[in-house]
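K.L.:
I have a structure here, written as structure tokens, and I will follow up with some questions on it.
The values are calculated or read from the model by the stated rules, or taken from the named source; none is laboratory data. A quick note: this is a predicted structure, and the numbers were derived from the prediction, not measured. Here Cβ is always computed from backbone atoms with ideal geometry, including for glycine, and neighbour counts include all displayed protein chains.
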Amino acid sequence: MASSSSSLLPCLLTLFLFMKISLATNFYQATEITWGNGRGQILNNGDLLTLSLDKTSGSGFQSKNEYLYAKIDMDIKLVPGNSAGTVTAYYLSSQGSTHDEIDFEFLGNLSGDPYTLHTNVFTQGKGNREQQFRLWFDPTVNFHKYSVVWNPQHIIFLVDDTPIRDFKNHESQGIAFPKNQPMRMYSSLWDAEDWATRGGLVKTDWSQAPFKASYQNFNENACVWSSGSSSCGSSNSQPWFNQELDTANQAAMKSVQEKYMIYNYCTDVKRFSQGLPPECSLP
Ligand SMILES: *[C@@H]1O[C@H](CO)[C@@H](O)[C@H](O)[C@H]1NC(C)=O
């Protein structure tokens, strides 16, 4: 008995280690490449996904699952070098003209110039809630983790686990919040030279093509939507489902916003000359 259990232990440890490592979803199992005619590829047994863009086409992929509330994480390494004109989009979206959408978009730049991280929230087909940031690292050298927490009370955007934006549920004040249209994760790499870099002044340098972005460690902690109902039911004990920012996280977010936010729709009185959107004056 003793000898068999002692030989079992290393096995179990290896198994647990393996389970921990394989927590991230396999791209083969969890996603499908939807366009780009071979420009999107799943590699390393499903641990790595790459998208590429050349003059003919970009590429994209999406989650197989649809979610009604989720926390999703993705490690992304963005297009290096002269990436001006390219946009890497990573977002959750439902379908149709009154869709809900939660966006991360990374706008490339000339070599050595910083990316813009663009965020937006659409509810019932209406967006116009842009906030843009610089990053506090070069996002093209290493993988960094970009996460969305979407639960009944909050939409929280995080970069390497630091919250950068918190869109709260203010339905009680008449502001729509995404809560009944299931969303999928989508990501794509495409050319937006007509607007992305300094309003289209800087064009994509196609001599640098193909442009490539890489993905790993996709995690979907989600209420999966299937045949008209959610896997979570009414009670949900997963921590992200009730997640909100504690004092420390609120301070961290405030500090990022002070240092790195470069555009905030809530302060753009020129654009909203008829009055800022209602959520802008709420706590
Ligand atoms: C590119 O870098 C310049 C110079 O820092 C900056 O003004 C511009 O906003 C950047 N463009 C994008 C798309 O991030």
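K.L.:
Please list, ordered by first then second residue, the pairs with beta carbon atoms under 8 Å, 6 or more apart or interchain, first in the stretch 184-209 and within 16 Å of Thr88 (Cα to Cα) and of a type in the set (Asp, Glu), second assigned to a helix (DSSP H, G or I) and more than 10 Å from the ligand (Cβ to nearest atom).
P.N.:
Glu193/Gly200; Asp194/Gly200
K.L.:
Separate question: Given the options Ala176, Ala213, name the one that is surrounded by 15 or more Cβ atoms within 10 Å (Cβ to Cβ) and either over 21 Å from the mean Cα position of the chain (by Cα) or not in a strand (DSSP E or B) (or both).
P.N.:
It is Ala176.
K.L.:
Against the definition (of a type outside the set (A, V, I, L, M, F, W, C), surrounded by fewer than 21 Cβ atoms within 10 Å (Cβ to Cβ) and within 9 Å of the ligand (Cβ to nearest atom)), how does Asp113 come out, yes or no?
P.N.:
yes
K.L.:
Picking from Ser207, Ser235, Ser255, which residue would you name as being more than 23 Å from the chain's Cα centre (by Cα), in a helix (DSSP H, G or I) and either of a type in the set (S, T, N, Q) or modelled with pLDDT of 95 or more (or both)?
P.N.:
Step by step, each of Ser207, Ser235, Ser255 is checked, and only Ser207 is more than 23 Å from the chain's Cα centre (by Cα), in a helix (DSSP H, G or I) and either of a type in the set (S, T, N, Q) or modelled with pLDDT of 95 or more (or both).
So that you can scan it fast, the table gives a plain yes or no per residue for (1) part of a loop (DSSP other than H, G, I, E, B); (2) under 26 Å from Leu53 (Cα atoms); (3) without any contact (Cβ under 8 Å) to a residue 24 or more places away in the chain:
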{"residue": "Phe104", "(1), (2), (3)": "no, yes, no"}
{"residue": "Asn120", "(1), (2), (3)": "no, yes, yes"}
{"residue": "Leu135", "(1), (2), (3)": "yes, yes, no"}
{"residue": "Pro139", "(1), (2), (3)": "yes, yes, no"}
{"residue": "Val148", "(1), (2), (3)": "no, yes, no"}
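K.L.:
Scan (1) within 26 Å of Asn37 (Cβ to Cβ); (2) within 16 Å of the ligand (Cβ to nearest atom) for the single condition Val202 breaks and write down its number.
P.N.:
All conditions are met except number (1).
K.L.:
From the residues in the stretch 73-84 that are in contact with a Phe, Trp or Tyr (Cβ under 9 Å, 6 or more places away or on another chain) and among the small types (Gly, Ala, Ser), which one is nearest to the ligand (Cβ to nearest atom)?
P.N.:
Here the residue is Ser83.
K.L.:
Being closer than 30 Å to Gly85 by Cβ, assigned to a helix (DSSP H, G or I) and in contact with a helix residue (DSSP H, G or I) (Cβ under 8 Å, 6 or more places away or on another chain) narrows it down to one of Cys280, Cys266, so name that one.
P.N.:
Testing whether each residue is closer than 30 Å to Gly85 by Cβ, assigned to a helix (DSSP H, G or I) and in contact with a helix residue (DSSP H, G or I) (Cβ under 8 Å, 6 or more places away or on another chain) leaves just Cys266.
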